[in-house]
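Colleague: Below is one structure. I have some questions about it.
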Amino acid sequence: MGGLCGGDQGSSDLKSPRVDKNNKQKSDAADERREQEASQQGQEQAGVRPQRAPSKQANVESKSAADDDDQKQPALPLPGEQLEGIQFDLEKDLKLLQKKFSGKYEPLLERNKIQVKCDAIDDSYDVAANSIKVLQFNMLADGLSTAYISGITEKTFLGVEKTALQWPYRGVRLVEEILRFEPDVIALEECDKLEFIMKYLTPKGYMSQFSEKKGSPIKHAAAEIAEDHGIAKDSVKLPNDGVALIYKTDKFELCGEAQIVDPKQNEKKILGLGVPLRIKNIDQEVFFVVTHLKSTKSQEGEELRRDQITILLNDLLKNERNLPVLLLCD
């Protein structure tokens, strides 16, 4: 999405002070100057370094610059807003989005899929009819997107306009990204908008399972947003994110209880979701597992992620029927 903030670089048009002052004004200014000099000498003799008071012109320039910034930077919205006029019909909502962001709206990036052939399958086997299509990605929680604070933090997405990250725009585009591949199974990490997503997906025959990340950093993000907006700390309410598994009910049926792994209930703080599903057309049961691993970018982080997967599959989830496992994670 192109530049959405818009606005020209503002500049103050300060005029030079008038020089045709009368004698009274000159005398008053001289008296004021002498008083300031005397005060400064007295403070310096007392060991105090006085701070220079800003001139009236400096105050005007500062106010003018602030006014220009206010004009250039529209107030950021709070989380929880949706596209105005949304109908939860993807085709209609995309048209609405294109109209609202006319000239800024761009098509999704093209993604070319690679066909992988298996030597054990000959050409007579109908791969499409006997396969499932799985889509998985970290959707970036709305509450963690940094789209609602004006400052820059270590989590800020540099070079990305905040409007493109805010949910009224990104929410609809996210659903577009999911549905353009017509997946049979969808796994999402950092999912804090499952209800919104399912308003589009439920009419298309999808069902979902969810595991909440208790202790999510979203609560800290909510406090940051409130502080940035100058409102009460507890006035911004954000749902915890988690992991979700979404599947087509015409191709799958639940063949056991979904298992939820609470990160606050295990030493490695592992979040997990295990869902046993039967693939109807081939009568095959599969244990689908979704998790969001620690993101530390180091050798220590790699070892921790390995341990998290091992503990999740071997200890925290129960696969008593020894079903084949499909692990979906970020």
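The values are calculated or read from the model by the stated rules, or taken from the named source; none is laboratory data. Model, not experiment: these values are computed from the prediction. Please note: Cβ atoms are built from the backbone with ideal geometry, for glycine as well, and neighbour counts cover all protein chains shown. Note: areas computed on protein heavy atoms with side chains; ligands, DNA, RNA excluded. Shrake-Rupley method; radii C 1.70, N 1.55, O 1.52, S 1.80 Å.
Colleague: Which one of the conditions (1) modelled with pLDDT under 95; (2) open to solvent by 70 Å² or more (accessible area, probe 1.4 Å) does residue 301 fail to meet, given that it meets all the rest?
Modeller: (2)
Colleague: Pull up the stretch 257-296, narrow it to residues that are farther than 30 Å from residue 154 by Cβ and of a type in the set (Gly, Ala, Ser), then point me to the one that is least open to solvent (accessible area, probe 1.4 Å).
Modeller: Per the criteria, the residue is 274.
Colleague: Exactly one of these conditions fails for residue 151: (1) at pLDDT 90 or above; (2) within 28 Å of residue 229 (Cα to Cα). Give me its number.
Modeller: Looking at each condition in turn, residue 151 falls short on (1).
Colleague: Considering only helices (runs of 4 or more DSSP H) fully contained in the stretch 138-227, which possess at least 1 residues that are surrounded by fewer than 18 Cβ atoms within 10 Å (Cβ to Cβ) and of a type in the set (S, T, N, Q)?
Modeller: In the stretch 138-227, there are no helices (runs of 4 or more DSSP H) which contain 1 or more residues that are surrounded by fewer than 18 Cβ atoms within 10 Å (Cβ to Cβ) and of a type in the set (S, T, N, Q).
Colleague: Sort out which residues of the stretch 87-141 are acidic (Asp, Glu), farther than 30 Å from residue 221 by Cα and modelled with pLDDT of 95 or more, and write them in order of number.
Modeller: The answer is 89, 91.
Colleague: For the stretch 114-132, check the following and say yes or no: at least one residue is within 30 Å of residue 168 (Cβ to Cβ) and either loosely packed, with under 14 Cβ neighbours inside 10 Å or aliphatic (A, V, I, L, M) (or both).
Modeller: no
Colleague: Quick check on my filter: what residues within the stretch 220-275 are among the acidic types (Asp, Glu) and either in contact with a helix residue (DSSP H, G or I) (Cβ under 6 Å, 6 or more places away or on another chain) or under 28 Å from residue 184 (Cα atoms) (or both)?
Modeller: Matches in the stretch 220-275: 241, 250, 253, 257, 262.
Colleague: Within the stretch 82-107, can you find the residues that are assigned to a loop (DSSP other than H, G, I, E, B), surrounded by 13 or more Cβ atoms within 10 Å (Cβ to Cβ) and of a type in the set (D, E, K, R)?
Modeller: Listed by number, the residues that qualify are 89, 104.
Colleague: Same structure, new question: For the stretch 242-256, does any single residue satisfy the condition of being within 21 Å of residue 148 (Cβ to Cβ) and surrounded by 14 or more Cβ atoms within 10 Å (Cβ to Cβ)?
Modeller: Looking through the stretch 242-256, at least one residue is within 21 Å of residue 148 (Cβ to Cβ) and surrounded by 14 or more Cβ atoms within 10 Å (Cβ to Cβ).
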